[in-house]
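Structure record follows, encoded as structure tokens.
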Amino acid sequence: MDKLTIRQPEFTFPNDLPLTPDAGDKLYSAFLCTVSIIAPQIERYLVRTMSRAKQEIKDPNVLDDLLKFSQQEANHFRAHDELNELLRTKLSEENRKKLLSQEARLEEDYRYFSNTRSLNFNLSYAEGFESATCAISIWGFKNNTMINIDDRWKGIMEWHLTEEIEHRTVAYDIYHAFKGHYLHRIFFSTYAQAHLFKYLFRFAQCFWNELETHEKRKSVFRQYFWPLLGQYMSTLPPWYSPHRLVIDDRIHTILSKYYPIKSTITSTQ
């Protein structure tokens with residue numbers, strides 16, 4: 001799992017793709033829709049940040065991981081761009097306008113961070129995002145949260161989330177290879193997560209009232225809240241390192257379904 005692989009699977013999103021990925025879990029469905037919408041914004045920002053950081057990295061192994069990480073993220077946002085175009089058409093005009101407005105605000109925030117904040121700040125934001133998404137992804141696979149997801153949704157989500165686990169060490173290593181230290185990391189990584197979850201909540205509101213579900217069970221967030229909190233809290237102590245995480249062999253099995261290809265980074269400007 002230490003060697004990053006570049007993959008660009010092709011997904012088909014039919015017009016009848018349900019807006020509700022899990023017909024029995026409205027909360028988790030809103031979360032997955034929101035993850036897809038927010039992915040291109042954060043990942044374009046991450047690619048810009050890594051492009052800036054590569055000038056400062058001297059370790060060839062870290063630099064190689066940086067380039068492959070950026071390629072993986074670029075492939076993620078290209079796939080989600082296509083899905084998101086369809087998701088927006090399934091919203092009412094009112095909620096679509098709200099969503100587009102919030103997306104524009106988030107893009108403006110990331111442009112501001114890229115253009116005005118220090119590289120150390122942007123790297124700590126990247127590390128905060130990556131540690132949180134790795135924790136959520138590990139939690140999701142441990143608890144089989146996607147077991148009831150519609151097959152038309154499952155491919156892109158499992159591919160994306162398993163690659164979040166695969167490249168779990170990259171942002172951490174780059175931040176520490178620059179001039180990161182624990183107090184700075186914990187302050188600004190927590191800021192990054194709060195900033196991101198604020199937009200996750202706003203985006204989710206745009207989907208919540210439009211989702212039609214037949215809930216016959218507790219949401220996976222309610223069933224497995226404490227394991228989720230524990231997985232996230234494990235990223236906070238000063239001894240945390242993604243290198244120490246034990247990764248289930250199922251993650252490798254899932255990744256093996258998506259064949260490696262050559263890929264290049266496209267412009268994110």
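The values are calculated or read from the model by the stated rules, or taken from the named source; none is laboratory data. Everything quoted here is computed from the prediction, not taken from an experiment. We place every Cβ from the backbone using ideal geometry, glycine too, and count neighbours over all the protein chains shown. Heads up: the accessible areas ignore ligands, DNA and RNA and are worked out on the full protein's heavy atoms, side chains in. Shrake-Rupley method; radii C 1.70, N 1.55, O 1.52, S 1.80 Å.
Can you list the chymotrypsin sites (Phe, Trp or Tyr not before Pro) in the stretch 1-101 that are in a DSSP coil and have 15 or fewer other beta carbons within 10 angstrom? Don't skip to the end; give the middle numbers.
Values: sites: Phe11, Tyr28, Phe31, Tyr45, Phe69, Phe77; in loops: Phe11.
Filter output for the stretch 1-101: Phe11.
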message: Under the rule that an exposed site lies in a DSSP loop and has at most 10 other Cβ atoms within 10 Å, name the longest stretch of the chain with no GluC sites (Glu not before Pro) of that kind, not counting the sites themselves.
response: 11-211
- line: Computed, not fitted: 222 nm per-residue ellipticity of the chain from DSSP H runs ≥ 4 (each -39500 (n - 2.57)), nearest 500, equal to -22500 deg cm²/dmol
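Using 28 Å as the Cα-Cα cut-off, could you pick out the over-long pairs in Lys26/Lys142; Lys3/Lys154; Lys68/Lys179; Lys97/Lys142?
Violating the 28 Å limit, Cα to Cα: Lys97/Lys142.
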- prompt: Once the whole set of protein chains is in place, how much accessible area is left on Phe197, using a 1.4 Å probe, in Å² to the nearest 10?
  reply: 90 Å²
query: Which percent of Cα-Cα pairs in the stretch 157-269 sits in each 5 Å bin, short to long?
result: 2, 7, 11, 17, 20, 17, 15, 8, 3, 0, 0
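Which order do Met157, Met233 take when ranked by solvent-accessible area (1.4 Å probe, heavy atoms of all protein chains), largest first? Each step should come with its number before you reach the end.
Working: Met157 0, Met233 95 Å².
Putting Met157, Met233 in descending order of accessible area: Met233, Met157.
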- prompt: By Kyte-Doolittle mean hydropathy of at least -0.5 and Cα axial length of at least 30 Å, which whole DSSP H helices of the chain are selected?
  reply: 26-53, 119-142, 182-208
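Which value, in Å², gives the accessible area per residue of the stretch 1-144 when a 1.4 Å probe is used on the protein heavy atoms? Don't skip to the answer; put the middle values down first.
Details: 5790 Å² over 144 residues.
Heavy-atom SASA per residue in the stretch 1-144 reads 40 Å².
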task: Could you give log10 I(q)/I(0) at q = 0.14, 0.15 Å⁻¹ for the chain, computed by the Debye formula over C-alpha point scatterers of equal weight, without solvent?
output: -1.01, -1.18
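Give me D for the stretch 122-174 in µm² s⁻¹, whole number, from Stokes-Einstein with Rh from the Kirkwood sum over alpha-carbon pairs, 20 °C and 1.002 mPa s.
On the way: Rh = 11.7 Å.
Translational diffusion coefficient: 183 µm²/s.
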- prompt: Around Arg7, which amide H atoms from residues at least 5 apart in sequence, or from another chain, sit under 5 Å from its own amide H, with H modelled in the peptide plane?
  reply: Ile261
